[in-house]
Amino acid sequence: MRLHEYEAEEIFSKYGINIPQGGLAKTPQEAKQVAMNIGVPVVIKSQVLVGGRGKAGGIRIVEDLNEIEIVADEVLKTEIKGYKPEGVLVLEKVEIKKEIYLGITIDRTSGIPIIMICSEGGVEIEKVAHNNPEKIFKFPVINPLQNIYAYQLISAVKKIGLTGKTLIETVNIIAKLYKVFKKYDGLIAEINPLVITEDERVLCVDAVLQVDDSALFRHPELNKRKLDAMSERDKRLMKKGATFVKLDGNIGLICSGAGLAMATMDMINDYPSLSTANFLETGGGITSELMVDCMELVLEQPGLKAVFVNLYGGINPIHEGAKGIAKIIKERKLTISMVAKALGNRQEETWETLEGVGVHVIKESETQKAVKFLAELLGG
Ligand code: GDP
Ligand code: MN
């Protein structure tokens, strides 16, 4: 679960990390009120759960108090990468001398937290990571259960060229950020940019905190917020153990089994004309209702050209799943192309149900053949 910048900043601030003054506004009038309290110039920041806002027009500097409402209105109305902002943060504009990247995440290879720091932070950090990965210094947190102490980091942080007061302040901020990361079961805690100001202060100018969903039971207030934001359908799917990850391709995908879904995704993405719009794994308890929910969720995605279903029925009753697919196709009079490969227990019954509503059923055992059929069907 990713938190909004304003929520992450509130948490970082509680742990002693300095953030710019200001506050959240949901309307242009509120934005003006905040700006009047802190004084211009201010930065107006779109509160969306994606990065790259700076490049997408979601970060605006306003010098004139009379322009706050206009700019806030624009930012509030602008979608960033398909997401509507939940509000805007109105913050004092910081005079930036240097932007540093600071991040903590879990290293997938070693399975332990890793701290990353780079002297070239800011909106181009992806480019730096790609072109000059050696500029990003990484240090593993050898004992993840212990806190980090400033002295352990000084020599490492010197490597990015900091000295004196800013070095000490940065090291302290890393130690504090690690406390947040640990306390909140973080997957990512990131400050980009961590700013050194003209007057040598070190400030957190952007805050990202992503909490491990599997640990949400330890954070009841966050868990409640997550559940409150979910639809009844998505709650049903979660309870049934289905997993959904939104991507941005053109083929909706429903698979019974995570490994099957991953393999199917690879095969689909091998075709230049095809790309998966999502990952969806049904879990082991397929029912007709579950499949209706899965179909609804997949069909919500924009730009779909087809839905591809890959089911394997061992103990999973795929014939029940087929009934759900047939039901939603009939009820919604769906015309989108559908290709299904379904094998296993009661497969003949499953095929009949699906073919009865116009789904192309591939009866081969190789998924490649079904994907090839899909590509040809769509003319790719
Ligand atoms: P992101 O693009 O979503 O990561 O949004 P950020 O909050 O990181 O802002 C993007 C960029 O806007 C930063 O890297 C800064 O260069 C600039 N920016 C943000 N806040 C301020 C500020 O208070 N003062 C100045 N001068 N620039 C800022
Ligand atoms: Mn940023």
Can you go through V298, V292 and tell me which one is touching a helix residue (DSSP H, G or I) at 6+ places or on another chain (Cβ under 9 Å), crowded, with 18+ Cβ neighbours inside 10 Å and over 17 Å from G313 (Cβ atoms)?
V292
Members of region 201-217 found to be within 24 Å of G283 (Cα to Cα) and either in a loop (DSSP other than H, G, I, E, B) or out of contact with any strand residue (DSSP E or B) (no Cβ under 8 Å at 6 or more places or on another chain) (or both), listed by number:
D212, D213, S214, A215, L216, F217
Just give me the residues in region 41-63 being more than 27 Å from E126 (Cα to Cα) and either within 16 Å of ligand 2 (Cβ to nearest atom) or open to solvent by 60 Å² or more (accessible area, probe 1.4 Å) (or both), in sequence order.
E63
In region 301-318, what count of residues is obtained for those that are open to solvent by 20 Å² or more (accessible area, probe 1.4 Å) and not aliphatic (A, V, I, L, M)?
6
Could you check region 97-118 and list, in sequence order, the residues that are modelled with pLDDT under 95 and either in contact with a Gly (Cβ under 7 Å, 6 or more places away or on another chain) or open to solvent by 70 Å² or more (accessible area, probe 1.4 Å) (or both)?
R108, T109
Just checking, does region 200-211 include any residue being surrounded by 15 or more Cβ atoms within 10 Å (Cβ to Cβ), more than 16 Å from ligand 1 (Cβ to nearest atom) and modelled with pLDDT of 95 or more?
yes
Failed condition for Y6, given (1) open to solvent by 10 Å² or more (accessible area, probe 1.4 Å); (2) under 30 Å from S214 (Cα atoms); (3) more than 16 Å from ligand 2 (Cβ to nearest atom); (4) not acidic (D, E), with all others met?
(3)
I'd like the full set of residues that are modelled with pLDDT of 95 or more, assigned to a loop (DSSP other than H, G, I, E, B) and away from ligand 1 (no atom under 13 Å from the Cβ), limited to region 1-16.
L3, Y15, G16
Quick one: which residue in I142, I174, I188, I154 is open to solvent by less than 70 Å² (accessible area, probe 1.4 Å), outside any helix (DSSP H, G or I) and β-branched (V, I, T)?
I188
Which numbered condition in (1) away from ligand 2 (no atom under 16 Å from the Cβ); (2) open to solvent by 50 Å² or more (accessible area, probe 1.4 Å); (3) under 20 Å from L194 (Cβ atoms) is the only one that E126 fails?
(1)
If I go through region 27-48 residue by residue, how many of them are assigned to a loop (DSSP other than H, G, I, E, B) and in contact with a helix residue (DSSP H, G or I) (Cβ under 8 Å, 6 or more places away or on another chain)?
3
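The values are calculated or read from the model by the stated rules, or taken from the named source; none is laboratory data. Quick caveat: nothing in here was measured; it's all calculated off a predicted structure. Don't worry about glycine lacking a Cβ; one is built from the backbone with ideal geometry, like all the others, and counts go over all protein chains shown. Areas reflect the complete protein model, heavy atoms only, side chains present, ligands, DNA and RNA absent. Shrake-Rupley method; radii C 1.70, N 1.55, O 1.52, S 1.80 Å.
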